[in-house]
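Below is one structure; the comments refer to it alone.
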Amino acid sequence: MESAIHRFHDLFAQLGLPNQPLEIHQFLTNHRPVAPGIELPDAPFWTLAQASFLREALEQDSNWSELVDQLSEALRVPQEDH
């Protein structure tokens, strides 16, 4: 297996989203949890271009697919109680 060439914050940049740690945390907080039956690209908060990129990354098993899987997992964690 190849070593990762992209990092989690790179995925956010690729999606056109703010990619600093606090901004990533805020995005995850604002959009979780994504219901188990919803494929990540089908979540309602993506633009058409973002959803297309996510779908293609998964379908083509591109070098982004592992990070897309990580993003999917991060968005399925229930909100933390504060």
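The values are calculated or read from the model by the stated rules, or taken from the named source; none is laboratory data. Keep in mind it's a predicted model, so treat the numbers as computed, not measured. Here the Cβ is made from the backbone with ideal geometry for all residues, glycine too, and neighbour counts use every protein chain on show.
Annotation: of all residues in region 66-82 being in contact with a Ser or Thr (Cβ under 9 Å, 6 or more places away or on another chain) and in a loop (DSSP other than H, G, I, E, B), the one that is modelled with the lowest pLDDT is E80. Here region 18-34 is the region considered, the condition is being assigned to a loop (DSSP other than H, G, I, E, B) and without any contact (Cβ under 8 Å) to a residue 24 or more places away in the chain, and the residue that is surrounded by the fewest Cβ atoms within 10 Å (Cβ to Cβ) is Q20. Of the residues making up region 39-55, those that are surrounded by 14 or more Cβ atoms within 10 Å (Cβ to Cβ) and in contact with a Pro (Cβ under 9 Å, 6 or more places away or on another chain) are Q50, A51, F53, L54, R55. Of the numbered criteria (1) modelled with pLDDT of 95 or more; (2) surrounded by 12 or more Cβ atoms within 10 Å (Cβ to Cβ); (3) not hydrophobic (A, V, I, L, M, F, W, C), the one N63 fails is (1). Just one of the listed residues (A49, A43, A35) is among the aliphatic types (A, V, I, L, M), modelled with pLDDT of 95 or more and more than 13 Å from the chain's Cα centre (by Cα), and it is A49.
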